[in-house]
Amino acid sequence: SCDDEETADATTNPTTSELHAAFADFDTDHLTIYLDGSEVVIESNGLPNHTSPYWSSNHPVYVEPTVTSHANMAPGNIDDFNGTYTLRVNAAPSMASSSSATGLGAIGIAVSGSMIYNDEEGPNVPLDNAVGSLDYNGAHTGPQSYHYHLEPKAWSDDDGNLIAIISDGFFLYGRKDYDGNYPTDLDASGGHFGPTTHNLDGEYHYHIQNTLYLNQYY
């Protein structure tokens, strides 16, 4: 599943002169990203840039449901959403002294433009209760917009591709590390320090957990 804990907090850092190289992977048709002093501002229209059965049936990238069904899908279509999301993160985030659990709602923004949620469907309600509504990206609509709970296979399927930026300022990658192997040293938050495709010198980052969830998802 996607991260279920955050591991960093915002601290005061000098003004950064350029965006992190990872932001080049974010879809510019759906997101606007810029520096504001020591912070990065990520603005999104909340819509994904890929196919899903959650688009209206006449939408150009609508596809029929596969892992879910029309009967099990959550109410609402992706294109019903008319709003924006804005996330501000420190351009040079620092590790916190301890991990803290993520809350409900958006915990990050994916490179596609849609939001990342954690592994709960509601207050003390496990995702198991809603897994039947998830599309092939481990995503569904509601209570507001389309969002991912699990590995988004539209662009990351058993690889090390960039998934998202989490609300603490660290990036989330797929199941594999920069060297093509599954990381074995992830901490309690699903992260570790090491090189990425965007920073060969290494930095703290998260990974999709390489553990099967309900025998179907990661």
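The values are calculated or read from the model by the stated rules, or taken from the named source; none is laboratory data. None of the values given here were measured: they were computed from a predicted structure. In this analysis, Cβ positions are derived from the backbone assuming ideal geometry, glycine residues included, and neighbour counts consider all displayed protein chains. Each accessible area value is taken on the protein alone, full model and side chains, heavy atoms only, with ligands, DNA and RNA left out. Shrake-Rupley method; radii C 1.70, N 1.55, O 1.52, S 1.80 Å.
Observations
- For the range 23-51, a residue qualifies if it is surrounded by 15 or more Cβ atoms within 10 Å (Cβ to Cβ) and at positive phi, and exactly one does: Gly46.
- Test for Pro126: is it modelled with pLDDT under 95, open to solvent by 20 Å² or more (accessible area, probe 1.4 Å) and under 24 Å from Asn45 (Cβ atoms): no
- Only one of Ala188, Ala164 that is surrounded by 19 or more Cβ atoms within 10 Å (Cβ to Cβ) and either free of Cβ contacts under 8 Å to residues at least 40 places away in the same chain or not aromatic (Phe, Trp, Tyr) (or both): Ala164
- When Tyr62, Tyr34 are checked against the criterion of being touching a residue at least 12 places away in the same chain (Cβ under 8 Å) and among the hydroxyl-bearing types (Ser, Thr, Tyr), Tyr34 stands alone in meeting it.
- Enumeration of residues in the range 63-102 that are of a type in the set (Ser, Thr, Tyr) and over 21 Å from the mean Cα position of the chain (by Cα): Thr66, Ser69, Ser97, Ser98
- Residue in the range 104-117 that is assigned to a loop (DSSP other than H, G, I, E, B), surrounded by fewer than 22 Cβ atoms within 10 Å (Cβ to Cβ) and touching an Asp or Glu at 6+ places or on another chain (Cβ under 7 Å) present: yes
- If you go through the range 191-202 and keep only what is open to solvent by less than 50 Å² (accessible area, probe 1.4 Å), assigned to a strand (DSSP E or B) and touching a residue at least 12 places away in the same chain (Cβ under 8 Å), you end up with Gly191, His192, Gly194, Thr196, Asn199.
- Scanning the range 89-99 for residues that are surrounded by 14 or more Cβ atoms within 10 Å (Cβ to Cβ) and either without any contact (Cβ under 8 Å) to a residue 24 or more places away in the chain or outside any loop (DSSP other than H, G, I, E, B) (or both) returns Val89, Asn90, Ser94, Met95, Ala96, Ser99.
- Unique match (being in a loop (DSSP other than H, G, I, E, B), basic (Lys, Arg) and within 15 Å of the chain's Cα centre (by Cα)) among Lys153, Lys176: Lys153
- Among (1) within 15 Å of the chain's Cα centre (by Cα); (2) closer than 27 Å to Ala24 by Cα; (3) open to solvent by 50 Å² or more (accessible area, probe 1.4 Å) - the single one His147 does not satisfy: (3)
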